[in-house]
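To start, the structure itself, in structure tokens.
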Amino acid sequence: MAQAKKTAESVSTCVKEFLAEHKLTLEAVSVSLLCEKIFIDKKEYTVDLCDRTRFASAAPQATLEEADIAYALELLEKMLSLMSFHSFKINKTIENGALIFTISTPEKDGLLIGKNGQNIAALQYLMTNILDKKLKRHFPLILNVDRYREKRTATLKTLAQTYAERVTDSPGEVITEFLPAYERKIIHEELTSCKNLKTFSLGKGPYKKMVITALL
């Protein structure tokens, strides 16, 4: 299977070279960042690239069994209690194969969400890791507080357009912060109509960075 380590001034350049050498499509490649160096006048990235089809048969399909959902709910209730949240309510829904817990904490929603969503994102990350290790597979979980996720979706769409303008005006790439799969999907879908732009994930595990590029 095709695999290589490459170093260049952009992640996109590494990917472009790998695609050309092995005659692969962008969708068939997995990209992980090994090293990022920042100099006065440039950056340098070292990435690991491989044909993602080599892992296709190894990835178990996510399932949402009732026993697992009950365990996830119990875990969330325990964690909220340990965080000194009381009298909270949790509503459960399933959407696009993911379990969504919407939490209501009277007069404390802002505290649970945190600045720029940092608290709820950290809680979701912690729960996802616990569930993945417990169940030995990825468990698709999304935590919501009131209508925070709806507002977050709107923010991501606006951010996606900002990224698009930046890499179009000065052809290059933008690398986001670590994002869960469903947030990366929102950005990707928002930019599918931009024919001159490509998007791909960077990293391993459920939380990855995303690259928006005009260089491919």
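Every number in this text was worked out from the coordinates using simple rules, so none of it is lab data. As the structure is a prediction and not an experimental result, all values here were calculated from the model.
Using a cut-off of 28 Å between alpha-carbon atoms, which lysines can reach LYS43, once sequence neighbours fewer than 8 places away in the same chain are excluded?
The reachable lysines, counting only those whose Cα sits under 28 Å from LYS43, are LYS5, LYS6, LYS16, LYS23, LYS157, LYS185, LYS195, LYS198, LYS204, LYS208, LYS209.
Within the stretch 66-146, what is the number of lysine pairs with alpha carbons under 24 Å apart, leaving out pairs fewer than eight places apart on the same chain?
Lysine pairs meeting the criterion: 13.
How large are Rg and Dmax for the stretch 120-216 when only the alpha carbon atoms are used, in Å?
Spelled out, the Cα radius of gyration and Dmax of the stretch 120-216 are 14.7, 46 Å.
Could you give the Stokes-Einstein D for the chain in µm² per second, using the C-alpha Kirkwood radius, 10 °C, 1.306 mPa s?
Diffusion coefficient, whole number: 83 µm²/s.
Tell me the relative contact order for the chain as a rounded percent, counting alpha carbon contacts under 8 Å between residues six or more apart.
17
Quick one: Debye curve from the alpha-carbon atoms of the stretch 120-162 only, equal weights, vacuum; give me log10 I(q)/I(0) at q = 0.16, 0.21, 0.26, 0.33 Å⁻¹ to two decimals.
Scattering profile of the stretch 120-162, log10 relative to I(0): -0.54, -0.74, -0.86, -1.04.
So what does log10 I(q)/I(0) come out to for the stretch 66-146 at q = 0.15, 0.17 Å⁻¹, using the Debye formula with one equal point on every Cα and no solvent?
Taking Cα atoms of the stretch 66-146 as identical point scatterers yields -0.49, -0.64.
Just tell me, in residue order, which DSSP H segments of the chain are both 20 angstrom or longer along the helix axis (alpha-carbon based) and at least 0.5 in mean Kyte-Doolittle hydropathy. Intermediate results must be reported in sequence, preceding the final value.
Working: long enough: 66-82 (24 Å, 0.64); 118-135 (25 Å, 0.13); 148-169 (31 Å, -1.10).
Helices passing the filter in the chain: 66-82.
Calculate for the chain the 222 nm mean residue ellipticity that helices alone would give, adding -39,500 (n - 2.57) per DSSP H run of length 4 or more and normalising by residue count, nearest 500 deg cm²/dmol. Before the final figure, lay out each step's value.
On the way: 6 runs with 84 residues, N = 216.
My calculation for the chain gives -12500 deg cm²/dmol from helical runs alone.
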